[in-house]
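I have placed the structure first, in the form of structure tokens, so that the comments after it can refer back to it.
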């Protein structure tokens with residue numbers, strides 16, 4: 001049964017279905033009309049014979065389906081994850097597909113969406129994250145409503161590994177020398193990141209009760225982040241939640257070089273380490289302060305997260321086994337540690353190559 005949808009001169013869309021030939025050999029058609037191509041196609045599907053009516057026939061729109069999915073999984077989501085899903089849905093998925101009946105979405109529409117988002121300047125990684133959400137929505141739709149999952153088999157945009165700019169060993173020494181000139185709480189935070197690999201959100205959420213100087217350990221059990229606020233008085237809000245995964249909740253041994261620094265600033269158990277108050281500093285502020293320090297120290301501009309990368313790379317150079325390093329960083333697997341956080345410098349490569357000997 002061939003289908004053909006086109007726009008008529010009167011502005012309406014016509015979906016034409018071939019019904020085969022009559023007894024005289026003349027081809028027969030049936031037409032369905034709508035204000036949009038999707039409406040015309042939907043009417044055509046609804047009028048088909050019962051034995052060929054698809055199980056995904058429904059009036060539900062992509063917007064309705066997406067918001068129903070997020071509501072359905074809300075009880076098992078962290079507040080930050082829910083905000084992340086809603087932001088991607090309301091900013092990207094709904095503006096493009098929201099009014100379309102969910103059973104009419106096709107793979108071609110999704111590939112066009114991916115292409116347009118990449119052309120708009122979004123990274124392949126971020127676009128892939130949007131598609132992951134849309135795939136989850138349609139798996140839910142397939143399971144609950146029997147809707148055809150058009151996203152099954154969709155090829156994701158190729159993610160390019162971002163180039164991480166790190167401070168060299170000499171630049172790290174220069175940074176620490178600058179911090180020692182006027183060692184304050186901001187300097188303490190940078191030192192903690194460079195010598196423990198702690199994430200910026202985890203650092204901001206750290207209270208003095210999380211630091212055990214007797215047993216020389218730091219317990220990581222929460223993180224701070226700013227998320228989109230839906231229905232509130234402000235556009236965003238600061239939240240304190242559990243870390244990103246179960247493996248992120250961990251105990252980190254404190255290296256000797258940090259003990260004296262921590263003893264110097266030790267405060268009330270419930271006060272936050274970076275702020276010295278009962279309320280945390282937010283990650284964005286820490287990033288701004290770090291950028292200011294780099295500028296004053298005449299060092300190249302790098303992202304705060306590069307301190308975590310530098311810690312991991314330094315640890316490998318010192319001879320850490322990858323499993324131990326992975327657990328200190330709070331990774332769920334050693335592959336993440338190796339592929340994402342361990343960077344080999346040219347000096348390290350040269351030192352390794354110098355170990356190669358001529359075998360006669």
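The values are calculated or read from the model by the stated rules, or taken from the named source; none is laboratory data. Fair warning: this is a prediction, and the values are worked out from it, not measured in the lab. With ideal geometry, Cβ positions are generated from the backbone for all residues, glycine too; neighbour counts draw on all protein chains shown.
Results, tabulated for the structure shown:
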{"quantity": "Unmet requirement for residue 194, which otherwise passes all of (1) without any contact (Cβ under 8 Å) to a residue 40 or more places away in the chain; (2) in the same structural domain as residue 323 (by TED's automatic domain parsing); (3) touching a helix residue (DSSP H, G or I) at 6+ places or on another chain (Cβ under 9 Å)", "calculated": "(1)"}
{"quantity": "Residue match in region 175-182 (condition: assigned by TED's automatic domain parsing to the domain that holds residue 279, out of contact with any helix residue (DSSP H, G or I) (no Cβ under 8 Å at 6 or more places or on another chain) and part of a loop (DSSP other than H, G, I, E, B))", "calculated": "yes"}
{"quantity": "Residue in region 216-226 that is in contact with a strand residue (DSSP E or B) (Cβ under 9 Å, 6 or more places away or on another chain), at positive phi and in contact (Cβ under 8 Å) with a residue 12 or more places away in the chain present", "calculated": "yes"}
{"quantity": "Per-region count, region 163-174, residues part of a loop (DSSP other than H, G, I, E, B), closer than 15 Å to residue 303 by Cβ and touching a residue at least 12 places away in the same chain (Cβ under 8 Å)", "calculated": "4"}
{"quantity": "Helices (runs of 4 or more DSSP H) completely within region 281-355 that count 1 or more residues being out of contact with any helix residue (DSSP H, G or I) (no Cβ under 9 Å at 6 or more places or on another chain) and free of Cβ contacts under 8 Å to residues at least 12 places away in the same chain", "calculated": "283-296, 306-318, 346-354"}
{"quantity": "Residue, farthest from the chain's Cα centre (by Cα), within region 198-213, restricted to residues that are closer than 16 Å to residue 243 by Cβ and assigned to a loop (DSSP other than H, G, I, E, B)", "calculated": "206"}
{"quantity": "Filter result for the condition that a residue is surrounded by 13 or more Cβ atoms within 10 Å (Cβ to Cβ) and within 24 Å of residue 326 (Cβ to Cβ), over 227, 240, 252", "calculated": "252"}
{"quantity": "Number of positions in region 214-229 that are in a loop (DSSP other than H, G, I, E, B) and touching a helix residue (DSSP H, G or I) at 6+ places or on another chain (Cβ under 6 Å)", "calculated": "1"}
{"quantity": "Filter result for residue 43 (surrounded by 14 or more Cβ atoms within 10 Å (Cβ to Cβ), modelled with pLDDT under 75 and part of a helix (DSSP H, G or I))", "calculated": "yes"}
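Each row is one residue, and each column tells you yes or no for (1) buried (at least 20 other Cβ atoms within 10 Å of the Cβ); (2) farther than 17 Å from residue 341 by Cβ; (3) in contact with a strand residue (DSSP E or B) (Cβ under 7 Å, 6 or more places away or on another chain).
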site	(1), (2), (3)
163	no, no, no
167	no, no, no
172	no, no, no
197	yes, no, no
205	yes, yes, yes
208	no, yes, no
